[in-house]
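The values are calculated or read from the model by the stated rules, or taken from the named source; none is laboratory data. Since this is a predicted model, take the numbers as computed values, not measurements. Cβ atoms come from the backbone with ideal geometry, glycine included; neighbour counts cover every protein chain shown. What goes into the accessible areas is simple: the full protein's heavy atoms, side chains included, and nothing from ligands, DNA or RNA. Shrake-Rupley method; radii C 1.70, N 1.55, O 1.52, S 1.80 Å.
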Amino acid sequence: MNEQQWEAIRTNNKTYDGIFYYALSTTKTVCRPSCTSRTPNPKHVFIYRSVEAAVHEGFRPCTRCKPEAEDWEGYQEEVAKAAAAYLQTHYHDPYRLAQLGEALKKHPSYIHRSFKAIRGMTPLAYLHTLRLEEAKRLLHNQHLSMIDVALDVGYNDSTQFSVKFKAYTGMAPSIYQKSLKTKSTI
């Protein structure tokens, strides 16, 4: 192992992924340089040009960085993508970060940190975005009341819905709905 390779491992440098892999004699795993596991002791590290070569020597692919998966984007990206998919299908359900953790079988605070790092917002902020986009779609139906829309998208009451909608769009939901009616008659 040269100094450049060690620095790539120590700093979890993604640019070296695919160029080389490192294996640990202590855990018998092979990892990408960008693996976010604990920084290894250099005396336990072996360098390989391919995952196959390391596996041939008796090492197994790391379950965290998945070096055998070429299209893998990263552990945080994987967690954020799974959380987003879950929220997209459950946006109308009551939200609890602990419930999201149970569904994804990951620690809730890790999901929160990963989601924010990748998406630039918390899972709750993303959930509000999903709910309010759906609310905007539902408000096109002039026959739905505000409470119907609020309950359909997952809010407990129309007041909470109105506050979030106004913060998101800059106008109250009733005014938004009236503006749609005005646009359709023009």
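Observations
- Placed amide H near Phe20: partners under 5 Å, 5+ positions off or other chain: none
- Highest to lowest packing among 20-33, 124-137, 92-105, scored as the average C-beta count within 10 Å: 20-33, 124-137, 92-105
- Length gained on full extension, Lys178 to His56, computed as 0.36 nm times the residue gap minus the Cα-Cα distance: 37.2 nm.
- Alpha-carbon Rg with Dmax, taken over the chain, Å: 23.7, 75
- Whole-percent carbon and sulfur share, accessible surface of the range 43-176, 1.4 Å: 53 percent
- FRET efficiency, 1/(1 + (r/R0)^6) with R0 41 Å, evaluated for Ala167 and Arg10 via beta carbons: 0.45
- For the chain: accessible area per residue (Å², 1.4 Å): 59 Å²
- Cross-link partners for Lys178 among the lysines, with Cα-Cα distance under 17 Å and sequence neighbours closer than 8 places in the same chain left out: Lys136, Lys166.
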